[in-house]
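Heads up, the thing below is written out as structure tokens.
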Amino acid sequence: MKKEGKMHNTLTYVMHHWRLYVFFLGPALLLTIIFRYLPMGGILIAFEKYSPFKGFFGSEWVGLEYFKQFLSSPDFISYLVNTLKLSVFGLLWGFPVPIILALLLNRIESSKIKQKIQLVLYMPNFISVIVLCGMVRILLSVTGPVNMMFNTTINFLTLPEAFRPIYIISGIWQGAGWASIMYTASLANASQELKEAAQIDGANIFQQIKAVEWPAIKDMVVIQFILQAGNIMSIGFEKAYALQTDLNLGASEIIATYVYKKGLLDGNYSYSTAVGLFNTVINLILLITVNKVVEKMNDGQGL
Amino acid sequence: MEAKKKKKSAFSRYSAGDKAFLLVGYVILALFVLAIIIPMVYIVVASFMDPITLQNTGITFDLDKWTLTAYERVISNAQIWVGFKNAVIYSLVFTFLSVAITMLCAYPMSLEDFKGRKIFNVIFMITMFFGGGLIPTYLLISNLGLLDSMWAVVLPGAFSVWNMIIARTYYRGIPGELREAAEVDGANELTLFFRILLPVCTPVIAVLCLWQFVGMWNSYFDAMIYLNTASKQPLQLVLRAILIQNQPDAGMIADMQSTAERARLAELLKYSTIIISSLPLLVMYPFFQKYFDAGIMVGSVKG
């Protein structure tokens, strides 16, 4: 009886508020189902020998063959290592920079100067990946200003060992200022009274940061860390691809670029899907693990 | 004068050790700002150089060596303008669709008593962590007959769960009385939404518009895989040919006699293309700066 009443309630609610479902939720739900959930069904081709002519249902079932194939290939292992190195080092070098920038900005008393600095710091975020990589290629080219300055003729973009530093430094150059916004905003919420009290108590700058600023940004730091660490495997295609040259592939071929080349350039749909799926699953496991670890360290507070 | 005095007193509150530490901090900040500005200024100055001077001696401030050749060539090139036009269309359509769908969807999702909210939330959240990947999505787009169409670039990413969460958080911050007053009047959800809610959401709408516009304007991957016809390519793909692949549109350099001349010119064109293509966003974003804080609500993603 009770259950029936509940059903009835829900029905009245939906009838009464049908607009919420049709006009408000409808478009988003439709897009999500078509462009997010339908492709998930398409993952099945990772387990068959997919041929566009035989179609999704007519292709031969091969199980885990493609997974075995790439997991036993030394090339794949090196792409996996490239991906991990690129994002782990990127995270380790890049993560603290916006925090430091925000703490420094917070110590600038004049809001006018602060705003001008912020304007500059945010600027690179609005430059496209292509332009950024174009600039990198120009500045580091054999006849470019960097080589001219040191009177050398090093072709940085052909050196595998230069790829990661280029990628990471240009990433910090472009993104650190923008990423500092979140910390700056959190710092704005830090109690001004607390800060003044700490100053009157004669606390030095480290003690002040520990007592006033750190508590204000701690939550944001934790969230950002979980999100970024959890996304280690989903490092973007666009920049790595735009900084690739035939000669630096040893360091610059990552899973995302490999999936693209294998799948869309070579037409090896099933193999490529299998690699992509592997990547997604690893990423998911990482995210859950990082969240668990942070929860433990942060008194049960995770994402 | 007053402000200067105040600033001085704020700084003088610090102890000698703290002052030294702060100065080091300011120097680091200044270096970071310079590191952002210098490459940009270099590109700007270099874009006015005569190609031979640039190659042999680098940039100079001797104005006799400055020329507008590169700009004339880029501006008179049709492919660049086609790219511009496409980028404007795609970015505007994408921004409008995306922000509209997101703001609409976020509204019921922000209501405590919305029936089915939890289920829909799970449906949306899953897509943040798991997806079909490149090939299944590509096959779907292909099966839908969207290959080589603007919709392939614009539709799949039009609903962003992340942005929905930001908008939802914003709605929840709006005082409930506003809504209740309208409900008493017997207005339906649509009227309520457009008359009462949207007008107070300007900051979050502004931020989402900026993000989506910049995101679409600066991306190239989807356009690269889905659009084949040259006349449909957005600016970033045209830029990619010039900056990354060293293959400017033949018309831009064809009148040069020798290969060396063509190569020099192709190099010079890179600088002016960078400037021309980046200028619109770099000019636009400072006007949005005051809204940036609204986007920081991501901090309250939890829960």
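The values are calculated or read from the model by the stated rules, or taken from the named source; none is laboratory data. Keep in mind that this is a model prediction, so the values were computed, not measured. Cβ atoms come from the backbone with ideal geometry, glycine included; neighbour counts cover every protein chain shown.
Summary of values
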| quantity | calculated |
| --- | --- |
| Residue satisfying condition, being over 20 Å from A:Phe237 (Cα atoms) and β-branched (Val, Ile, Thr), within set B:Val214, B:Val161, B:Val154 | B:Val161 |
| Checklist (1) more than 10 Å from chain A (Cβ to nearest Cβ); (2) modelled with pLDDT under 80; (3) assigned to a helix (DSSP H, G or I) applied to B:Ala260, failing item | (2) |
| Filter pass, B:Ile126 being assigned to a helix (DSSP H, G or I), surrounded by fewer than 18 Cβ atoms within 10 Å (Cβ to Cβ) and within 11 Å of chain A (Cβ to nearest Cβ) | yes |
| The one condition in (1) facing chain A (nearest Cβ under 9 Å); (2) crowded, with 16+ Cβ neighbours inside 10 Å that B:Thr53 fails to fulfil | (1) |
| Number of positions in region B:65-82 that are within 18 Å of B:Tyr220 (Cβ to Cβ) and surrounded by 22 or more Cβ atoms within 10 Å (Cβ to Cβ) | 1 |
| Check on B:Ser149, without any contact (Cβ under 8 Å) to a residue 24 or more places away in the chain and either under 28 Å from the mean Cα position of the chain (by Cα) or over 25 Å from A:Ile255 (Cα atoms) (or both) | no |
| Count of residues meeting criterion [more than 26 Å from the chain's Cα centre (by Cα) and part of a helix (DSSP H, G or I)] in region A:45-73 | 10 |
| Qualifying residues in region A:187-197 (those that are part of a helix (DSSP H, G or I) and either aliphatic (A, V, I, L, M) or touching a residue at least 60 places away in the same chain (Cβ under 8 Å) (or both)) - the one surrounded by the fewest Cβ atoms within 10 Å (Cβ to Cβ) | A:Ala188 |
| Which listed residue, of B:Tyr170, B:Tyr220, is in contact (Cβ under 8 Å) with a residue 60 or more places away in the chain and not hydrophobic (A, V, I, L, M, F, W, C) | B:Tyr170 |
| Qualifying residue in region B:83-100 (condition: farther than 30 Å from B:Ser149 by Cα and either within 12 Å of another protein chain (Cβ to nearest Cβ) or crowded, with 20+ Cβ neighbours inside 10 Å (or both)) | no |
| Any hit, region A:10-25, residues being touching a Leu at 6+ places or on another chain (Cβ under 7 Å) and at pLDDT 90 or above | yes |
| Residue in region A:101-122 that is part of a helix (DSSP H, G or I), outside the structural domain of A:Thr273 (by TED's automatic domain parsing) and charged (D, E, K, R) present | no |
| Filter result (among the aliphatic types (A, V, I, L, M) and assigned to a loop (DSSP other than H, G, I, E, B)) within region B:149-177 | B:Leu155, B:Ala158, B:Ile174 |
| Condition broken by B:Phe32, with the remaining ones in (1) more than 10 Å from chain A (Cβ to nearest Cβ); (2) surrounded by 20 or more Cβ atoms within 10 Å (Cβ to Cβ); (3) farther than 30 Å from B:Ile196 by Cβ; (4) of a type in the set (Phe, Trp, Tyr) satisfied | (1) |
| Residue in region A:249-269 that is away from every other protein chain (no Cβ under 11 Å), at pLDDT 90 or above, more than 19 Å from A:Val88 (Cβ to Cβ) and surrounded by fewer than 19 Cβ atoms within 10 Å (Cβ to Cβ) present | yes |
